[in-house]
Amino acid sequence: MANSKYEYVKSFELEDEVMFPNLIVVRIDGRDFSRFSQVHKFKKPNDEAALNLMNSCSAAVLEEFPDIIFAYGYSDEYSFVFKKTSKFYQRRASKILSLVASFFAAVYVTKWKEFFPQRKLEYAPSFSSKIVSCATAEVLQVYLAWRQQDCHANNQYETCFWMLVNNRGKTKTIINEIRELLKDTQKQQKNELLFENDINYKMLPELFRQGSCLFKTKVEETVKHDENGNPVKRLRRKAVFVHSVNIAGRSFWNEHPSLYNDIGHFTKDIGKIEPDFVRSFQFENKLLPLTWVVVRIDGCHFHRFSDVHEFEKPNDEQALKLMNSCAVAVLEEFEDILFAYGVSDEYSFVLKKESELYKRQSSKIISAIASLFTSTYVIKWRDFFPHKELKYPPSFDGRAVCYPTYEILLDYLAWRQVDCHINNQYNTCFWMLVNESKKPEAEAQARLNAQACLKGTQTREKMELLSREFKIEYNSLPLIFRMGSSVFRLKEAAAVENGVVSGKKLEGQVVVDHCNIIERCFWEEHPHILSYS
């Protein structure tokens, strides 16, 4: 980070480390997937292709993050269990939960056509996520039993509900009658109701009734063939799917050495699940009321991502415009976000002080924004890079920070723009020096030379270097590079001339601008931005 007088705002960032020996579980849920499944015409009560897509995404998560050992999912949710010794992201909860939700969303979009080749993805999906901290393996066992029991109960209810709807009709009155009929019915009553309609619940696919379990185990694979053509085999850790009637059962868990070695033993089987356990699993941290909330997301390993996708250095204008387009989509989705500022591979989103979005539950706010941004990034990739293949799914991690006053919030935004100025000026000089070397094999040395040349230089010296050596006037470079991008809603209504709307933007429209937000005059001239309602 660049040094400036605004650095003090970092002191408002709180640590959220999941302390040892607690086990880390990340649970993700599809955000408003009732609507998503309706828009995309998923089969009811279960769409096998949609469930297989979720399973494929979970397999990608286990492949991407080696510390995730076990996963369980059904419907539009998945729980991911990290090994007990994990130090992933220094065990910071907000980073972990946002990264998993972000990557899952990106993979979901990437794999959509594989599972729905004839169906268009109508809009970007997103997922909320949270950290469930389990003090012991026994607590994890209760958590897994709870989720699988929920799978059983929900699927049985949904099977009955949709069977009756399909038999009786889909009018609002009939649907209400069916809900009333099923209200407070027990498991056996639902089974009998289904059996009366020639449905044996126990014969339905395990995928629907039991959910899907995925874990890493050692399997023997052929890695090559020797000179005589004989296969050479090695033990490799690989994720495998299992559909089990009781994933929290002692016999199931303890027969897999990889599970009890990496996570822990289950010493007895689960009986009745105590309500206090369930309440602890549902606990959510809430952000301070009546404070400005800023959610900042950052690209994960975007140095590599930009190299693999051959982004122009020091700035790729199309890549920046793609980021901006995603930020616009986030503001259009969440009315409580008043302003966003972005540079390079990061974006900061400002929620209004009075916001009650997700009841100010930090994990849901962070993950919903990060995952929507990421899935939009994948969907819009072709709009900005029509001739460039997306080689692998991107991901973003996030955090939420509360700022108590308007003045401190503006200092935060000024800090980010100062950082933009300093980093962009340095990178412009750096890449001009590196690009002097025309030979690709000499780039590594050129980078070292550029770093040595720029070490300790001040703003004025860098500007002189660009002007003298490369005939570049830094202040004439595009504003999007030097100022970053501000995203907000307009206040001005469209002008009407002779009954025709002129070319001006409509009131409330989300726009992107490249302006100086360090100087307070910007905020004085646009007081509506942070008080928009």
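Considering only the range 90-98, I want to know if a residue exists there that is closer than 19 Å to Cys300 by Cα, surrounded by fewer than 20 Cβ atoms within 10 Å (Cβ to Cβ) and polar (S, T, N, Q).
Yes; the residues of the range 90-98 include at least one that is closer than 19 Å to Cys300 by Cα, surrounded by fewer than 20 Cβ atoms within 10 Å (Cβ to Cβ) and polar (S, T, N, Q).
What tally of residues in the range 17-29 results from selecting those that are within 28 Å of Tyr108 (Cα to Cα) and outside any strand (DSSP E or B)?
Number satisfying all stated conditions: 1.
Checking Thr85 against (1) of a type in the set (Val, Ile, Thr); (2) open to solvent by 20 Å² or more (accessible area, probe 1.4 Å); (3) under 18 Å from Val378 (Cβ atoms), which single condition isn't satisfied?
Among (1) of a type in the set (Val, Ile, Thr); (2) open to solvent by 20 Å² or more (accessible area, probe 1.4 Å); (3) under 18 Å from Val378 (Cβ atoms), the lone unmet condition for Thr85 is (3).
Tell me, which residue of the range 1-49 that is β-branched (Val, Ile, Thr) and over 28 Å from Phe281 (Cβ atoms) is surrounded by the most Cβ atoms within 10 Å (Cβ to Cβ)?
The selected residue is Val9.
Restricting the first residue to the range 280-303 and requiring it to be of a type outside the set (Asp, Glu), which pairs with a second residue that is assigned to a loop (DSSP other than H, G, I, E, B) meet a Cβ separation below 6 Å and a spacing of at least six or different chains?
Listed by first residue and then by second, the contacts come to Leu290/Lys353; Thr291/Pro404; Trp292/Lys353; Val293/Leu287; Gly299/Asp345; Cys300/Ser395; Phe302/Asp345.
For Ala444, work out the one condition from (1) modelled with pLDDT of 70 or more; (2) open to solvent by less than 80 Å² (accessible area, probe 1.4 Å); (3) more than 25 Å from Val328 (Cβ to Cβ) it doesn't fulfil.
Unmet condition: (1).
Would you mind stating whether Pro394 is open to solvent by 20 Å² or more (accessible area, probe 1.4 Å) and not in a helix (DSSP H, G or I)?
When the stated conditions are applied, Pro394 does not pass them.
Does at least one position in the range 53-67 carry a residue that is open to solvent by 10 Å² or more (accessible area, probe 1.4 Å) and either farther than 17 Å from Ser395 by Cβ or touching a Gly at 6+ places or on another chain (Cβ under 8 Å) (or both)?
Yes: one or more hits.
The values are calculated or read from the model by the stated rules, or taken from the named source; none is laboratory data. Every value quoted in this text rests on a predicted model; they were computed, and no experiment measured them. Reconstructed Cβ throughout: ideal geometry from the backbone, glycine too, with neighbour counts over all protein chains shown. Ligands, DNA and RNA are excluded from the accessible area calculation, which covers all protein heavy atoms including side chains. Shrake-Rupley method; radii C 1.70, N 1.55, O 1.52, S 1.80 Å.
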